[in-house]
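Peer 1: Below are the C-alpha cells for one structure; questions will follow.
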Amino acid sequence: MERIAVFPGSFDPFTIGHKAILDSALPLFDKVYIAIGCNSSKKSFFTLEKRIADISAMYKGNEKIAIETYDTLTIDFCKKVHANFILRGLRNVADFEYEQTIAQTNKQLSGIETVFIATPPELSNVSSSIVRELLSYGADASRYLP
Ligand code: ADP
C-alpha cells in the first residue's frame, strides 16, 4: 500500500515552521500533497496564486510533493487523492487541544489517521499569523520564511 499523506493548511504564508514539519515527515511517506484550503468566506493575506507559486518554487523537482487547493472537508480531499494520512504540526498544548478533536473526528468519519510532528523547539513561536502581523506593519519577516 502506498503511504499518501495530505498536509492541509492555509499556508498564508508558508513558513519555516511548515517547512520543518514537511521535511521531517517526507521520509515517512511515498507522496505528500500540500493542500491549500481555500474557504471563500475567509479573506487571505496572500493570494492563492502567490502561495502556490512560492511553495512550488521551493519544492520544484521533488517528485514526492504535489501542491493542490481544495474547498471541501479535508477528509473529502483525502479521499479524492487516495490519501490515508493527514499530516499536522504541533507547537504547544493549544495546538494539541485544537487538533485532537479534529483528528479524532476525522478518524471516526473516514478511518484516516492523523500523524503529528512536534515542531523543533526553536520554531515553536513561528506562525503565519505572526508573519502577517509583521508584514502588515512593514517589518522584516524574512527570517521566518523559507
Ligand atoms: P491552519 O489554518 O489549518 O491551522 P496553517 O497554515 O496555519 O493552517 O498550519 C498548517 C499546519 O502547520 C498546522 O498543523 C500547524 O499546526 C502547522 N504549523 C504551523 N506553524 C508551525 C510551526 N512553527 N511548527 C510546527 N507546525 C506548524
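Peer 1: Of the conditions (1) touching a Ser or Thr at 6+ places or on another chain (Cβ under 7 Å); (2) within 21 Å of Val126 (Cα to Cα), Asp54 clears all except one; give me its number.
Peer 2: Exception for Asp54: condition (1).
Peer 1: If I ask for residues that are among the hydroxyl-bearing types (Ser, Thr, Tyr) and farther than 9 Å from Ile75 by Cβ, which ones from region 106-121 would you list?
Peer 2: Thr114, Thr119
Peer 1: Here's something else I'd like to know. Find all pairs meeting these conditions: Cβ atoms under 9 angstrom apart; at least six residues apart or on different chains; first residue within region 17-33 and touching a residue at least 12 places away in the same chain (Cβ under 8 Å) and outside any helix (DSSP H, G or I); second residue more than 9 Å from the ligand (Cβ to nearest atom) and acidic (Asp, Glu).
Peer 2: Qualifying pairs under 9 Å: Phe29/Glu2; Asp30/Glu2; Lys31/Glu2; Lys31/Glu63; Tyr33/Glu68.
Peer 1: Could you please give the count of residues in region 56-77 that are part of a loop (DSSP other than H, G, I, E, B) and of a type in the set (Ser, Thr, Tyr)?
Peer 2: Of the residues in region 56-77, 2 are part of a loop (DSSP other than H, G, I, E, B) and of a type in the set (Ser, Thr, Tyr).
Yes or no, residue by residue, for (1) within 25 Å of Lys107 (Cβ to Cβ); (2) surrounded by 19 or more Cβ atoms within 10 Å (Cβ to Cβ); (3) more than 13 Å from the ligand (Cβ to nearest atom):
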position	(1), (2), (3)
Thr15	no, yes, no
Lys31	yes, no, yes
Thr47	no, no, yes
Asn62	no, no, yes
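Peer 1: Taking region 78-96 on its own, how many of its residues are assigned to a helix (DSSP H, G or I), within 13 Å of the ligand (Cβ to nearest atom) and closer than 14 Å to Thr114 by Cα?
Peer 2: 2
Peer 1: So, in region 69-103, exactly how many residues are among the acidic types (Asp, Glu) and over 26 Å from Pro120 (Cβ atoms)?
Peer 2: 2
Peer 1: Count, please, the residues in region 76-91 that happen to be farther than 18 Å from Ala25 by Cα and either among the small types (Gly, Ala, Ser) or free of Cβ contacts under 8 Å to residues at least 60 places away in the same chain (or both).
Peer 2: Summing the residues that are farther than 18 Å from Ala25 by Cα and either among the small types (Gly, Ala, Ser) or free of Cβ contacts under 8 Å to residues at least 60 places away in the same chain (or both) in region 76-91 gives 3.
Peer 1: Which ones in region 123-135 are within 16 Å of Asp12 (Cβ to Cβ), in a helix (DSSP H, G or I) and either touching a residue at least 40 places away in the same chain (Cβ under 8 Å) or near the ligand (Cβ under 10 Å from one of its atoms) (or both)?
Peer 2: Scanning region 123-135 gives Ser128, Ser129, Ile130, Val131, Arg132, Leu135.
Taken together, the values in this text are just the output of simple stated rules run on the coordinates, not laboratory data. Just so you know, these numbers come straight off a predicted model, no measurement behind them. All Cβ positions, glycine included, derive from the backbone under ideal geometry; neighbour counts span all protein chains shown.
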